[in-house]
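Down below is the structure, laid out as structure tokens.
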Amino acid sequence: MTYTQLSTKHLLGIKYITLEDIELIFKTALEFKDVINRPIKKVPSLRDITIANVFFENSTRTRISFELAERRLSADVVNFAASSSSVSKGETLLDTVNNILAMKVDMVVMRHQAPGAHHFLSKHIDANIINAGDGTHEHPTQALLDAFSIQEKLGTVAGKKVVIVGDILHSRVALSNIFCLNKLGAEVMVCGPATLIPKYITSLGVRVEHDIKKALKWCDVANVLRIQLERQDIRYIPSLREYALYYGINKQLLQDIDKDIVIMHPGPINRGVELTSDVADSGQSIILDQVENGVAIRMAVLYLLAGKRSS
């Protein structure tokens, strides 16, 4: 059976979409990747759609990627930053978004520090909601672009061994990646200090490893996460220097395992902490491919949800 539209009106998290949804997003992203590599990079697909980017947390890469995707589709774009808005004066989330919707906005791309904020919003407003990150819960478009990048590099995700390295406890990227990779049939492992691995993680069907060398010998792909000191109310590691010593990936470590694995990172990279520059910039790294694929994946999600809106 060929699926032509998503099963859901919103993209709230990978947990709430189907394998068929993911495959349709990938297929559509592949077509849009051709578009963004043409001399004329715009298509009129969302010419009559207005999209609000509503970011209650700071973001550079995700916001720019979404905005670029929206403009490539010829949508009208409204950018909203909470730090310079009435939110700083005490306005509620619902009031803020309702005011934006009064301007006849069709879709809302939102990042919010509270897990579940997007679910709350989806029950109260008519616009399509796309989760661009909610607290430490999910970041679905990042997981989609990561899995799409693996498929592009290795031909398939099914059967591949993927280790997610680093701050699993505070990472919405890790959770979305686990859901996405499981649905696509990959084997998943997490690796990091015991203090940064949540106790419930094995219930999601993943392995746990605390030795980085063993993890890298096991995997086909290493998706390396940033240590998020800004989300840590207490110190979970003694220092970044000590973390880099035990869990940082450098050229020597990759030579020692004598295996050609794919290196990924959702960015921004703490160079010299999670990855050394000679690894981040090596032929094994697909970090810049992830950035390019991010625009194509977000174009696909926006396009498909807009189609769902009119159906």
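Mind ordering 160-166, 149-155 by average Cβ neighbours within 10 Å, highest first?
Details: 160-166: 25.6, 149-155: 17.1.
Going from most to least packed, we get 160-166, 149-155.
What length, rounded to one decimal in nm, is gained on full extension from Lys123 through to Lys199, with 0.36 nm per residue of separation minus their alpha-carbon distance? Walk me through the intermediate numbers first.
Working: separation 76, 0.36 × 76 = 27.36 nm, distance 3.09 nm.
Contour length minus the Cα-Cα distance gives 24.3 nm.
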Worksheet item: When the helices in the chain are scored as -39500 (n - 2.57) per DSSP H run of 4 or longer and the sum is shared across all residues, what 222 nm value do you end up with, to the nearest 500 deg cm²/dmol?
Response: -12000 deg cm²/dmol
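On alpha carbon coordinates alone, what is the Rg over Rh value for the stretch 23-122, Rh being the Kirkwood radius?
Details: Rg = 15.1 Å, Rh = 14.9 Å.
That ratio equals 1.01.
Which value, in debye to the nearest 20, describes the size of the charge dipole of the stretch 140-286 about its Cα centre when Lys and Arg Cβ atoms bear +1, Asp and Glu Cβ atoms bear -1, and nothing else is charged?
Numbers: 17 positive and 16 negative charges, 56 e Å.
The calculation lands at about 280 debye.
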Worksheet item: Relative to the longest principal Cα axis of the chain, at what angle does helix 19-36 sit, 0 to 90 degrees, rounded to 10?
Response: 80 degrees
Worksheet item: Which of Ala222, Val43, His139 sits farthest toward the positive end of the charge dipole of the chain, with +1 on the Cβ of Lys and Arg and -1 on the Cβ of Asp and Glu?
Response: Val43
Response to the item:
Here Rg/Rh (Cα, Kirkwood) for the stretch 1-75 equals 0.98
Discussion item. Restricting to Cα pairs below 8 Å that are 6+ residues apart, what does the relative contact order work out to for the chain? Please round to a whole percent.
Written reply: 20 percent
Fill in: Distance between modelled label sites at Ala158 and Thr92, nm, 7 Å Cα→Cβ extension
4.7 nm
Item to complete: With viscosity set to 0.692 mPa s and temperature to 37 °C, compute the Stokes-Einstein D of the stretch 137-203, Rh being the Kirkwood radius across alpha carbon pairs; µm²/s, no decimals.
Response: 273 µm²/s
Discussion item. Computed from the coordinates I sent, Rg and Dmax of the Cα atoms in Å equals one of (1) 28.3, 90; (2) 19.3, 59; (3) 22.7, 69. Tell me the label.
Written reply: (2)
Response to the item:
Relative to the chain, whose Cα atoms define the longest principal axis, helix 140-154 and its Cα axis are tilted in degrees, nearest 10, by 60 degrees
Worksheet item: Tell me, what ³J(HN,Hα) does each residue in the stretch 163-170 have, in order and in whole Hz, if you take phi through Karplus 6.51 cos²θ - 1.76 cosθ + 1.60 with θ = phi - 60° and put x for Gly and Pro?
Response: 9, 9, 10, x, 7, 5, 4, 9
Worksheet item: Expressed in nm to one decimal, what extension gain is obtained for the pair Leu288 and Glu20 from 0.36 nm per residue of sequence separation less their Cα-Cα distance?
Response: 93.8 nm
Worksheet, complete the sentence: The Rg/Rh figure for the stretch 140-286, Cα atoms and Kirkwood Rh, to two decimals is 0.92
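For the chain, with only Lys/Arg (+1) and Asp/Glu (-1) charged at the beta-carbon, what is the dipole magnitude about the Cα centre, in debye rounded to 20? Walk me through the intermediate numbers first.
On the way: 36 positive and 34 negative charges, 38 e Å.
For the chain, the charge dipole is close to 180 debye.
Cross-chain or 8 or more residues apart, Cα under 22 Å: how many lysine pairs in the stretch 1-48 fit that? Count them up, please.
Details: Lys9/Lys27; Lys15/Lys27; Lys27/Lys41; Lys27/Lys42; Lys33/Lys41; Lys33/Lys42.
Lysine pair count for the stretch 1-48: 6.
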Discussion item. How much length would be gained if the chain were fully extended between Gln113 and Asp258, taking 0.36 nm per residue of separation minus their Cα-Cα distance, in nm to one decimal?
Written reply: 48.1 nm
Discussion item. Quick check: the angle from helix 61-72's long axis to the longest principal axis of the chain, C-alpha only, nearest 10 degrees?
Written reply: 40 degrees
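Every number here is computed from the coordinates shown, using simple stated rules; none is lab data. Computed from a predicted model, the values in this text were never measured in an experiment. Positions of Cβ are backbone-derived with ideal geometry, glycine not excepted, and every protein chain shown enters the neighbour counts.
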